[in-house]
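Once you've had a glance at the structure underneath, I'll fire off some questions.
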Amino acid sequence: MTVWKQLPNALSIFRILSVPFFVYFIVFDKTLTGARIALGLYFLASITDIFDGKIARKYHLESRIGGILDATADKCYIVAGVICPMIRGFIPWWMVVLIFAREAYVLWLGYVAIKKKGDLSPTFLGKFKTVLQMSGIVAILIITAISGDISWSGFLMVDDGEITILTIIVSAFNWVGLVVSYMSIVEYTKRYIDGTRDEREKKGAGAS
């Protein structure tokens, strides 16, 4: 039972330790085989992410350290899944800057909300953004594993300099994910404003 209790954390640690291998096969290997191994690692990380959460909830094994490890593994793969394709030229640098600018704003808003005891729980668009972002990363990895001559030209991904149905689909995932991520900023900002206002009203009612 002791080993079973450690399984969710062990799966999270495995995901964290597999990130350098993912980075190597995408950035440095630059072969179709390497791209396919990276895709396999990403799928394996996604599957273990699902299972460690289910095991922890089903057997009441949630812990603070487990939550930190799980969140760290998720962020590591998201960051690597965005930065590595940018280094290879699969997505443009300005799109990555916009992605991280949005993440920085929401993190800052969350920090301020905690200090002011406001509400900044995940919104629908925030969750939908994550799904689109992860799908976009998977789509990039899939097309990279199929063709080794992928690049970004203008506003679309191209395969050997040509626009194909597959490159349009992958480009659409990334564009829609980017648009939704900035739409979610409005939701988060409104939730923060409403939450802090409610907190002030509670304090005012308590004082009177």
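The values are calculated or read from the model by the stated rules, or taken from the named source; none is laboratory data. Everything numeric here is computed off the predicted structure, so don't read it as measured data. As a convention, Cβ positions derive from the backbone with ideal geometry for all residues, glycine included, and neighbour counts pool all protein chains shown.
Read through the list (1) buried (at least 16 other Cβ atoms within 10 Å of the Cβ); (2) within 14 Å of the chain's Cα centre (by Cα), then give the number of the only condition that Ile91 fails.
Single failed check for Ile91: (2).
So, Gly126, is that one over 15 Å from the mean Cα position of the chain (by Cα), at pLDDT 80 or above, among the small types (Gly, Ala, Ser) and outside the structural domain of Ile16 (by TED's automatic domain parsing) or not?
No: the conditions fail for Gly126.
Any residue at all in region 79-99 that's among the aromatic types (Phe, Trp, Tyr), free of Cβ contacts under 8 Å to residues at least 40 places away in the same chain and in the same structural domain as Gly161 (by TED's automatic domain parsing)? Quick ask: steps written out before the conclusion?
Of all residues in region 79-99, those among the aromatic types (Phe, Trp, Tyr) come to 90, 93-94.
Okay, now just the ones that are also free of Cβ contacts under 8 Å to residues at least 40 places away in the same chain, so 93-94.
Keeping just the survivors that are in the same structural domain as Gly161 (by TED's automatic domain parsing) gives 93-94.
Among the residues of region 79-99, at least one is among the aromatic types (Phe, Trp, Tyr), free of Cβ contacts under 8 Å to residues at least 40 places away in the same chain and in the same structural domain as Gly161 (by TED's automatic domain parsing), which makes the answer yes.
Among the numbered criteria (1) modelled with pLDDT under 85; (2) hydrophobic (A, V, I, L, M, F, W, C); (3) over 25 Å from Tyr188 (Cβ atoms), which one does Val131 miss?
With respect to (1) modelled with pLDDT under 85; (2) hydrophobic (A, V, I, L, M, F, W, C); (3) over 25 Å from Tyr188 (Cβ atoms), Val131 is out only on (3).
Sticking with this structure for a sec: Could you please find all residues in region 132-162 being free of Cβ contacts under 8 Å to residues at least 60 places away in the same chain and under 14 Å from Phe43 (Cα atoms)?
Correct list: Ser135, Gly136, Ala139, Ile140.
Of the residues Ile65, Ile47, which single one is more than 16 Å from the chain's Cα centre (by Cα), outside the structural domain of Ile163 (by TED's automatic domain parsing) and not acidic (Asp, Glu)?
Ile65
Now for a different question. Inside region 30-45, can you point out the residues that are surrounded by 15 or more Cβ atoms within 10 Å (Cβ to Cβ) and not β-branched (Val, Ile, Thr)?
Gly34, Ala35, Arg36, Ala38, Leu39, Leu41, Tyr42, Ala45, listed by residue number.
Still on this structure: Among Ile68, Ile16, Ile50, which is under 29 Å from Leu125 (Cβ atoms) and surrounded by 13 or more Cβ atoms within 10 Å (Cβ to Cβ)?
From the options Ile68, Ile16, Ile50, the qualifying one is Ile16.
Residues are listed down the side, and each one gets a yes or a no for (1) touching a helix residue (DSSP H, G or I) at 6+ places or on another chain (Cβ under 6 Å); (2) over 26 Å from Pro20 (Cβ atoms); (3) modelled with pLDDT of 80 or more; (4) of a type in the set (Val, Ile, Thr):
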residue	(1), (2), (3), (4)
Gly89	no, no, yes, no
Val96	yes, no, yes, yes
Tyr105	no, yes, yes, no
Val138	no, no, yes, yes
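Would you point out the residue of region 155-198, among those that are touching a helix residue (DSSP H, G or I) at 6+ places or on another chain (Cβ under 7 Å) and not in a helix (DSSP H, G or I), that is surrounded by the most Cβ atoms within 10 Å (Cβ to Cβ)?
Met157
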